[in-house]
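Student: Let me begin by handing over the structure; questions about it come next.
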Amino acid sequence: MGKIVNAKSSQVMVVFPNLSLGKYAVAACHDADGNGKINRNPLGMPTEVSGFSNNARGSFGPPKFENATFAIGDGDATIRFAIAK
């Protein structure tokens, strides 16, 4: 499941209503050139800024799911994280 939103400021809120209870992870990317994909260098590393829940980072790739997960229980949940190069 995903959403595309226009970032009109340095902070963006995205709402996913009615999620089932369970473990989730979130990834975000700033598609600076608006081409609908994550641009990569010749080594396959992203050249556009991105981020993952828990501010998780990977080595030579995305972080492990376990490092980015959070639990959704009863009620609302707010997840905050930064995107960076």
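The values are calculated or read from the model by the stated rules, or taken from the named source; none is laboratory data. Just so it is clear, the model here is predicted, and its values are computed rather than measured. We place every Cβ from the backbone using ideal geometry, glycine too, and count neighbours over all the protein chains shown.
Student: Looking at region 38-84 only, could you name the residues that are part of a loop (DSSP other than H, G, I, E, B), touching a Ser or Thr at 6+ places or on another chain (Cβ under 8 Å) and either hydroxyl-bearing (Ser, Thr, Tyr) or farther than 19 Å from GLY22 by Cα (or both)?
Tutor: Within region 38-84, ILE38, ASN39, ASN41, THR69, PHE81, ILE83 meet the criteria.
Student: If the requirement is being among the β-branched types (Val, Ile, Thr) and at pLDDT below 85, which of these qualifies: THR47, THR78?
Tutor: Numbers: THR47 fails: at pLDDT below 85.
The match here is THR78.
Student: Select from region 15-24 the residues that are out of contact with any strand residue (DSSP E or B) (no Cβ under 7 Å at 6 or more places or on another chain) and touching a residue at least 12 places away in the same chain (Cβ under 8 Å) and write down the one among them that is surrounded by the fewest Cβ atoms within 10 Å (Cβ to Cβ). Even if it seems obvious, please write down each step before you answer.
Tutor: As a first pass, look at region 15-24 and keep what is out of contact with any strand residue (DSSP E or B) (no Cβ under 7 Å at 6 or more places or on another chain): 15-18, 20.
Remaining after also requiring touching a residue at least 12 places away in the same chain (Cβ under 8 Å): 16, 20.
Details: PHE16: 13, SER20: 6.
Among those residues, the one meeting the criterion is SER20.
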